[in-house]
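The values are calculated or read from the model by the stated rules, or taken from the named source; none is laboratory data. Since the model is a prediction, treat every value here as computed from it, not as a measurement. Here the Cβ positions follow ideal geometry from the backbone for every residue, glycine too, while neighbour counts run over all protein chains shown. Keep in mind that these areas ignore ligands, DNA and RNA; they rest on the heavy atoms of the full protein, side chains included. Shrake-Rupley method; radii C 1.70, N 1.55, O 1.52, S 1.80 Å.
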Amino acid sequence: MKLLRLILNILWLITGGIWLFIGYIFFGIIACIFIVTIPAGIASFRMASYALWPFGRNVVEKPGAGVGTGLMNVVWFLVAGLWLSIAHITTALAQAITIIGLPLAWANLKMIPVTCFPFGKEIVDDSRSITPAPAR
């Protein structure tokens, strides 16, 4: 399974991951210029690492997200989320041209919700995102 993740991550990197990474870094720098949007910049840098190497990691909801999370999601969407989601759609369309690229395109589309609204979510390794079944 680790070998498959490595292969998919390398293919991802070559077929668009590096450009998505650069986009997240760019918007992170733009957001850090203004004091009010520094949390959005930090979230963008966090998402950049996920956009660079996504296979083997998942996005989970953070417990305890409040009103501030919702407000920052709106600011983020207007500043960068919409534009980055368009980049994900464009990259997914290019990746979906080949059969090998279909899993990459699907992963790209799965990233759009967290791209649009990253606050209140956390990126974790696959092993941490699986919750154990309740004991009987």
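Per-residue answers, yes or no, for (1) in contact with a His (Cβ under 7 Å, 6 or more places away or on another chain); (2) of a type in the set (A, V, I, L, M); (3) over 27 Å from Ile14 (Cβ atoms):
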{"position": "Ile33", "(1), (2), (3)": "no, yes, yes"}
{"position": "Pro39", "(1), (2), (3)": "no, no, yes"}
{"position": "Met47", "(1), (2), (3)": "no, yes, no"}
{"position": "Leu78", "(1), (2), (3)": "no, yes, yes"}
{"position": "Thr98", "(1), (2), (3)": "no, no, no"}
{"position": "Leu102", "(1), (2), (3)": "no, yes, no"}
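Answer yes or no as to whether Asn73 is at pLDDT below 90 and buried (at least 17 other Cβ atoms within 10 Å of the Cβ). Taking the combined requirement at face value, the residue does not satisfy it. Could you say whether any residue in the stretch 77-89 is in contact with a strand residue (DSSP E or B) (Cβ under 6 Å, 6 or more places away or on another chain) and either closer than 30 Å to Lys2 by Cα or modelled with pLDDT under 90 (or both)? No. Candidates are the residues of the stretch 1-23 that are of a type outside the set (A, V, I, L, M, F, W, C) and over 24 Å from Ser127 (Cβ atoms); the one that is surrounded by the fewest Cβ atoms within 10 Å (Cβ to Cβ) is Thr15. For the stretch 23-35, a residue qualifies if it is out of contact with any Leu (no Cβ under 8 Å at 6 or more places or on another chain) and touching a residue at least 12 places away in the same chain (Cβ under 8 Å), and the qualifying residues are Ile25, Gly28, Ile29, Ile30, Ala31.
Surrounded by 17 or more Cβ atoms within 10 Å (Cβ to Cβ) and under 13 Å from the mean Cα position of the chain (by Cα) - does that describe any residue in the stretch 90-99? Within the stretch 90-99 (the criterion being surrounded by 17 or more Cβ atoms within 10 Å (Cβ to Cβ) and under 13 Å from the mean Cα position of the chain (by Cα)), the answer is no, since none of the residues qualifies. The listed residues are Ala65, Ala48, Ala87, and the only one of them that is in contact (Cβ under 8 Å) with a residue 60 or more places away in the chain and either open to solvent by less than 20 Å² (accessible area, probe 1.4 Å) or on the phi < 0 side of the Ramachandran plot (or both) turns out to be Ala87. Among the residues making up the stretch 28-45, those that are under 16 Å from Phe117 (Cα atoms) and open to solvent by 40 Å² or more (accessible area, probe 1.4 Å) are Ile38, Pro39, Ile42, Phe45.
Within the stretch 104-117, can one find any residue that is open to solvent by 60 Å² or more (accessible area, probe 1.4 Å), part of a helix (DSSP H, G or I) and among the β-branched types (Val, Ile, Thr)? Checked against the condition, which is being open to solvent by 60 Å² or more (accessible area, probe 1.4 Å), part of a helix (DSSP H, G or I) and among the β-branched types (Val, Ile, Thr), the stretch 104-117 yields no hits at all. With respect to the conditions (1) closer than 20 Å to Ser127 by Cα; (2) assigned to a helix (DSSP H, G or I); (3) not polar (S, T, N, Q), Pro63 falls short on a single one, namely (2). Counting only helices (runs of 4 or more DSSP H) that sit wholly inside the stretch 1-55, those with at least 2 residues that are within 18 Å of Leu78 (Cα to Cα) are 18-33, 38-52.
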